[in-house]
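The values are calculated or read from the model by the stated rules, or taken from the named source; none is laboratory data. Source: prediction; values computed, not measured. Here the Cβ positions follow ideal geometry from the backbone for every residue, glycine too, while neighbour counts run over all protein chains shown.
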Amino acid sequence: MRNEIKGLNEECGVFGVFGVPEANRVTYFGLHNLQHRGQEGAGIVTTDGEHLYQHRDRGLLSEVFADPSDMERLVGDAAIGHVRYGTSGHNSINNVQPFLFHFHDGDIAMAHNGQLTNAVTLRRKLEDNGAVFQSDSDTEILIHLIRQNIHMGFMPALKKTLNMVKGGFAFLFLQKDRLIAALDPNGIRPLCLGQMPNGAYVVTSESCALDIVGAKLIRDVQPGELLVIDKDGLHEDRYTDDTKLAICSMEYIYFARPDSIIHGVTVHSARKQMGRLLAKEQPAPDADMVIGVPNSSLSAASGYAEAAGLPYEMGLIKNQYVARTFIQPTQALREQGVKMKLSAVRGVVAGKNVVVVDDSIVRGTTSKQIVRMLKEAGAKSVHMRIASPPFRFPCFYGIDVSNRAELMAAHYSVPEMCKLMEADSLGFLSVDGVVKAINVPDAGDAPYGGLTVAYFNGDYPTPLYDFEEGYLKSLNEQEKRARKERLSK
């Protein structure tokens, strides 16, 4: 979210449609509702049944397509699009998707949301065998693997390749006459299927992108599923049956738009229930009011207020027109950026005992600034309540936190965090509370109610492959530091 005040950054958003006039504009509108998932770059590839056409660039969607001629060149009745936040690779034009590849036996475009955990190993093997990469994104690895097995035919080569890559991923592919979608075996990244009034199919990261183009949500794409959409309609297939649902819990906690529906759960409803359970698990005695941190915490804050029987007030106002704090080069400038984005409503909080509900704490910079801001505005006390567990472990599936160095909760206990943030109290929702609040209806017997909660408890749903050695090293180093600190006391 371009103006969100957070220490986490979204993965990416994908959108694909087959069989509609002006597929370019339909895709543009769909990507508009996915802009919160990435602001570094955007692109669209279309097909008219014979040729593929591409336009991509760095920046927001509106900036990339500011020149109307760029949109007009994208002719055809099928398209895929992408908005990017780089979890792998640098922010250069070469990493902006969708990628378009030209081959003698047919062109192909591809877009990817997520991160491959064995990308380094695969890339080195491919380079040793003569592959030449045009980007440093892990997405490009897939096309090289497909080409190595293309003698099998495209679909068998694709299935074999999808079983070689590991991690969290949602892929869209566009050929001249068909659209293909694939989801990782754990369904870590969200992907859903919709249908336009004319019968055309849409595949996209979030259901909110269906709403803006007038498409009806049919269902979520399932783990290990492979969908092919062509002139004959929808063809359902699988590339593996070795699956177990483990949706990224941060989609419900923070990333997804509140109006999206993921695996039958409305994101706003899940967040509101997190707030209700947080109020029961972490009450704040003598509190006068509840306020939320704009924007993704507002649903949880309203739930907390309802369960606690407290007034829900607008104690913080966000300036919608300030760039993101994480791009600031120094800590001092990042802290100033928080002040530029948020303002305390003095007339609301002055002389009051305030409960502040936020969705997560990553580095702690924003939380500390919020506490100070409210106290400078006259708040009598500030009680921080977080509608998720402490973020103690990295994410290797598409969130830009792949090491523990900057995770506040990885280095401090909750009382220590409270003291560092200068709050009067600090409380987090439990892992059980998150699972109960989201309550995925099709989870079956999947662990943690079909969610990935590894960021909170370190129990990853997949092997970490290329990341495992560094991750274990960081755990050992932290344990050594903790042991040294205990001995020094």
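A few remarks follow.
- Condition check for N118 on (1) at pLDDT below 95; (2) touching an Asp or Glu at 6+ places or on another chain (Cβ under 6 Å); (3) farther than 18 Å from S205 by Cα: one failure, at (1).
- Any hit, the range 164-172, residues being within 23 Å of G76 (Cα to Cα) and of a type in the set (K, R): no
- Given (1) touching a residue at least 60 places away in the same chain (Cβ under 8 Å); (2) surrounded by fewer than 24 Cβ atoms within 10 Å (Cβ to Cβ); (3) touching a Phe, Trp or Tyr at 6+ places or on another chain (Cβ under 8 Å), number of the condition Q195 does not satisfy: (1)
- Answer residue from the range 356-372, given it is among the basic types (K, R) and farther than 24 Å from V431 by Cβ and is nearest to the chain's Cα centre (by Cα) among those: K368
- Those helices (runs of 4 or more DSSP H) of the range 318-407 in which at least 1 residues are modelled with pLDDT under 90, considering only elements entirely within it, cover 331-341, 365-376.
- Leading residue by the ranking (nearest to F171 (Cα to Cα)) among those in the range 101-142 that are in a loop (DSSP other than H, G, I, E, B) and among the acidic types (D, E): D138
Listed here are the residues, each with its yes/no results for (1) in contact with a helix residue (DSSP H, G or I) (Cβ under 7 Å, 6 or more places away or on another chain); (2) surrounded by fewer than 17 Cβ atoms within 10 Å (Cβ to Cβ); (3) outside any helix (DSSP H, G or I); (4) of a type in the set (F, W, Y).
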| residue | (1), (2), (3), (4) |
| --- | --- |
| R219 | no, yes, yes, no |
| L245 | yes, no, yes, no |
| D259 | yes, yes, yes, no |
| H268 | yes, no, no, no |
| Q273 | yes, no, no, no |
| R276 | yes, no, no, no |
| K280 | yes, yes, no, no |
| A284 | no, no, yes, no |
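- Pairs, first closer than 8 Å to P185 by Cα in the range 217-246, second of a type in the set (S, T, Y) and surrounded by 14 or more Cβ atoms within 10 Å (Cβ to Cβ), C-beta under 6 Å, six or more apart: P223/T243; G224/T240; G224/T243
- Filter pass, F456 being modelled with pLDDT of 95 or more and surrounded by 15 or more Cβ atoms within 10 Å (Cβ to Cβ): yes
- Yes/no for G444 being part of a loop (DSSP other than H, G, I, E, B), in contact with a Gly (Cβ under 9 Å, 6 or more places away or on another chain) and in the same structural domain as P283 (by TED's automatic domain parsing): no
- Looking across the range 41-64 at every residue that is among the small types (G, A, S), assigned to a strand (DSSP E or B) and out of contact with any Leu (no Cβ under 7 Å at 6 or more places or on another chain), the one that is surrounded by the fewest Cβ atoms within 10 Å (Cβ to Cβ) is identified as G41.
- Test result for A157, surrounded by 18 or more Cβ atoms within 10 Å (Cβ to Cβ) and either of a type in the set (G, A, S) or outside the structural domain of T47 (by TED's automatic domain parsing) (or both): no
- A single member of Y460, Y465, Y448 is touching a Ser or Thr at 6+ places or on another chain (Cβ under 7 Å) and among the hydroxyl-bearing types (S, T, Y), and it is Y465.
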